[in-house]
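Just so you know, all these numbers are worked out from the coordinates, no wet-lab data involved. What you see is a predicted model; the values in this text were computed from it and never measured. We place every Cβ from the backbone using ideal geometry, glycine too, and count neighbours over all the protein chains shown.
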Amino acid sequence: MSESAKSETGKSETEKSENPKSSSTGDEVSADRTIDPRVRIGHVHLKVADLDRSLAFYRDVLGFAVTRRRGDGAVFMSAGGYHHHIAINTWESAGGRPPPRGTTGLYHVAILYPTRRLLADALKRLIEARIPLHGASDHGVSEALYLSDPDENGVELYWDRPREQWQYEPDGQVVMPTRRLDLHDLLAELDRAPA
């Protein structure tokens, strides 16, 4: 291959397409059609029956801050000043009921906490608000709390262990068991000195 066929990074176009992370501009499309690893789920917008009841959960219990309210029909909330991570509305659902079991739809929305200590704080908030858990699991790669919001939308609160602690099968698949999460140990995180 001639030097003129190589990019400013010193890699040929073929080499770059085989490894999307080596991109020089950051916006090339992967040749194998996999999504760029920088893509993230940005926000979730939920239909709810009662805005105030949902605000009491997402704002008052979990601690999301309201960033915008659209009259009596919608509220946008975030962590850290982002425009919104969660939005709730009653545009088509005011006074409505959750869908019956056995129907399709959202299984749960997962909210990622940056540390185990902050997940422990979330558990403490749930206990203080008397919100029951449906489950609590150690998945090896993460620890998770499962519950429902006031409209019976599934909610997962979790933190990821550092990637270097993840385990993999010989074929490269991530090992993700479902073991019981010790909630007493999680709450004890609040008594330990912050890292």
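Annotations
- Rounded, prolate or oblate (a/c below 1.5 giving rounded, otherwise prolate when a/b exceeds b/c) for the stretch 38-118 by Cα gyration tensor: oblate
- Divide the volume of the convex hull around the Cα atoms of the chain by the residue count and you get 200 Å³ per residue.
- The modelled label-to-label distance between Ala94 and Val174, using points 7 Å beyond Cα along the C-beta direction, is 4.1 nm.
- Estimated FRET transfer efficiency (Asp50, His134; beta-carbon r; R0 22 Å; 0.05): 0.55
- Note on Asp27/Leu112: beta-carbon distance plugged into 1/(1 + (r/R0)^6) with R0 of 30 Å gives a FRET efficiency of 0.75.
- Phi to ³J(HN,Hα) by Karplus 6.51 cos²θ - 1.76 cosθ + 1.60 over the stretch 115-130, Hz, x for Gly, Pro: 9, 5, 4, 6, 5, 4, 4, 4, 4, 4, 4, 5, 4, 4, 8, 6
- Among beta bridges identified by DSSP and lying wholly in the chain, the antiparallel ones come to about 75 percent.
- Cα gyration tensor shape of the stretch 107-195, rounded if a/c is under 1.5, else prolate or oblate by comparing a/b with b/c: oblate
- Most fluctuating residue given options Glu92, Glu169, Glu152, as computed from a GNM of the chain linking Cα atoms under 10 Å: Glu169
- Among 138-146, 95-103, 175-183, the peptide with the highest mean count of other Cβ atoms within 10 Å heads the list, and the full ranking is 138-146, 175-183, 95-103.
- Taking a ≥ b ≥ c as the square roots of the eigenvalues of the alpha-carbon gyration tensor, the stretch 61-159 is classed oblate because a/c is 1.5 or more while a/b is no larger than b/c.
- Couplings for the stretch 99-113, taken from phi via the Karplus curve 6.51 cos²θ - 1.76 cosθ + 1.60 with θ = phi - 60°, read x, x, 4, x, 10, 7, x, 5, 7, 7, 9, 10, 10, 8, 8 Hz in order; Gly and Pro are left as x.
- Average Cα contact separation per residue, the stretch 40-95, under 8 Å, 6 or more apart, as relative contact order %: 43 percent
- 5 angstrom amide H check on Ile111, placed H, neighbours 5+ away: Glu156, Leu157, Tyr158
- Full extension of the chain between Arg163 and Val66 yields a length gain of 31.7 nm, computed as 0.36 nm times the residue separation minus the alpha carbon distance.
- What the phi angles of the stretch 186-191 give under the Karplus curve with 6.51, -1.76 and 1.60, with θ = phi - 60°, is a coupling list of 4, 5, 5, 4, 6, 8 Hz, glycine and proline written as x.
- The amide H of Arg161, built 1.01 Å from its N in the peptide plane, has Ser142, Glu143 as neighbours under 5 Å, considering only residues 5 or more places off or on other chains.
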